[in-house]
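For reference, the structure is listed below as structure tokens.
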Ligand code: ADP
């Protein structure tokens, strides 16, 4: 809030006095001090002047014919326009000065005649200062009232949205994840009562969020201030898992850093999506197998020789059918993994051997794309499903090669960390934008919608990798700088010797 300077010397002063000498003396003295002075000899003229253009202060003689000073002052106080103008009475020594009356009709001060110049000036200055301060207080007050009103309106709107939103909303403390407030949709989704939720943390309620997950969410929130549509699992009171899209934003509640979380329950949508995809895939599998058999027969020349043009068309049909077949196989693979229909076959393996096998499998593709493949293996035993880990490595290497430019290098390395192995696939390719770093591990998520068509992928590779790594109790993630390259990491537990 900025205050106006207490400027008094340019103030407008109206002097009302029927004695011309007094009037001139006062006017001259005030003008000399820089005030703008209007002087009148009649009370009624003074009143009209004050109404037409309200001055900042009035010096008012008491004894005047027609209308005395008290009457003028009373009139001034009756009008909204002039009520707040400070009035200083001037009265001659021989007037029967009724000081009490002067104040009771609304005067702020009085000066006796013959007056001392300094005294009048000091009193005028003081009352102008007081008036200015009053004005500022009034303005500040009006502004504050307005702010309070606007805040109340905003709070009311938020409270309404909070209460009636069909989306589960919660407010938690940032550091501890303790619930401060939740709406009824949240209560319904969680299965807990309001009393069971408020004051408790996300771990105490066992909502399926681990301290590590929570810590990394807090870190991201502190970095960016908000998170949008973050897919996560939410465990309710009866132990059922729901899939929610969570958007979170940092807010300040009376000096405490808190998080406003808005969830969107997509469990049913996901279930229908899964059902639809797996149904379509199963339905496609049989005709696709027959189609591929027929194309193979044609290609082998067993049904006659094709013209060159015919062979070209056949090749296009084979390439596309193979892509479709890969897609269907990937979907079914993912589905079987997710539903636990295929178990992981753990065996003691040397990670160096797995890296070499993956590199060998990808060597031809790398050479064709003029990409240098550098392996930095590590001889170390681990308990994994070799076929599945190979599948993961091949997927990551194939992406690294696909999204690199000729003459780039791709590194495949294994590192020993405290109690796990960390595998890294690094490229110098186009990179991945920050907002896609999480979502590319979801099914059919690609940075560019044309990626699968242009690069022949299915958009399922990373989802499969994530499933395989999670079945090994590991984690997979990516770090990337646009235009400079990406590094995919995944961890594997070590064998306990
Ligand atoms: P796809 O079959 O399309 O490669 P993935 O699930 O393996 O499916 O990858 C999903 C998307 O992630 C890719 O389409 C691409 O947009 C992006 N991506 C994956 N790996 C890389 C990489 N090394 N560099 C840049 N983008 C990548």
Let a ≥ b ≥ c be the square roots of the eigenvalues of the Cα gyration tensor of the stretch 69-143; is it rounded (a/c under 1.5), or, if not, prolate (a/b larger than b/c) or oblate?
oblate
Virtual spin-label span in nm between residue 53 and residue 350, 7 Å along Cα→Cβ:
10.3
Residue 33 and residue 405 label points (each 7 Å along its Cα→Cβ direction) are spaced in nm at 8.0
For the stretch 144-289, what is Rg from Cα atoms divided by 2.2 N^0.38 Å, rounded to two decimals?
1.29
Using Cα-Cα distances under 8 Å and only pairs 6 or more residues apart, what relative contact order does the chain have, in percent?
7
The stretch 423-485: Cα Rg divided by the 2.2 N^0.38 Å rule of thumb
1.13
Where does the Debye-calculated log10 I(q)/I(0) of the chain sit at q = 0.06, 0.08, 0.12 Å⁻¹, using only Cα point scatterers of equal weight, no solvent?
-0.56, -0.69, -1.13
So residue 318 and residue 368, fully extended at 0.36 nm per residue minus their Cα-Cα distance, gain in nm 16.0 nm
Defining a contact as two alpha carbons under 8 Å apart and six or more residues distant in sequence, what relative contact order in percent does the stretch 110-229 show?
13
Principal axis box of the stretch 12-136, alpha-carbon based, largest edge first, Å
38, 30, 25
One finds, for residue 294 and residue 224 with R0 = 60 angstrom and r their Cβ-Cβ distance, a FRET efficiency to the nearest 0.05 of 0.65
With a cut-off of 8 Å between alpha carbons and a minimum separation of six or more residues, what is the relative contact order of the stretch 165-250 in percent?
23
So for the pair residue 80, residue 416, with labels modelled 7 Å out along Cα→Cβ, what separation do we get in nm?
8.7
With everything on Cα atoms, drop me the angle between helix 69-78 and the longest principal axis of the chain, reported from 0 to 90° to the nearest 10.
20
Can you quote the Å³ per residue value for the convex hull of the Cα atoms in the stretch 269-339, rounded to an integer?
79
Three-way shape label, the stretch 278-419, alpha-carbon gyration tensor, a/c 1.5
oblate
For a Förster distance of 30 Å, can you work out the FRET efficiency between the beta-carbons of residue 188 and residue 437, rounded to the nearest 0.05?
0.40
What is the angle, in °, between the Cα long axis of helix 386-402 and the longest principal axis of the Cα atoms in the chain? Nearest 10 is fine, range 0 to 90.
60
Nearest 10 degrees is fine. How inclined is helix 267-299 to the longest principal axis of the chain, computing both from alpha carbons?
40
Please report, to one decimal in angstroms, the Kirkwood hydrodynamic radius of the stretch 347-493 built from all distinct Cα-Cα pairs.
15.2
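Read-outs: derived from the displayed coordinates by stated rules, not from any lab. Predicted model only: the values in this text are computed from it and were never measured. Here the Cβ is made from the backbone with ideal geometry for all residues, glycine too, and neighbour counts use every protein chain on show.
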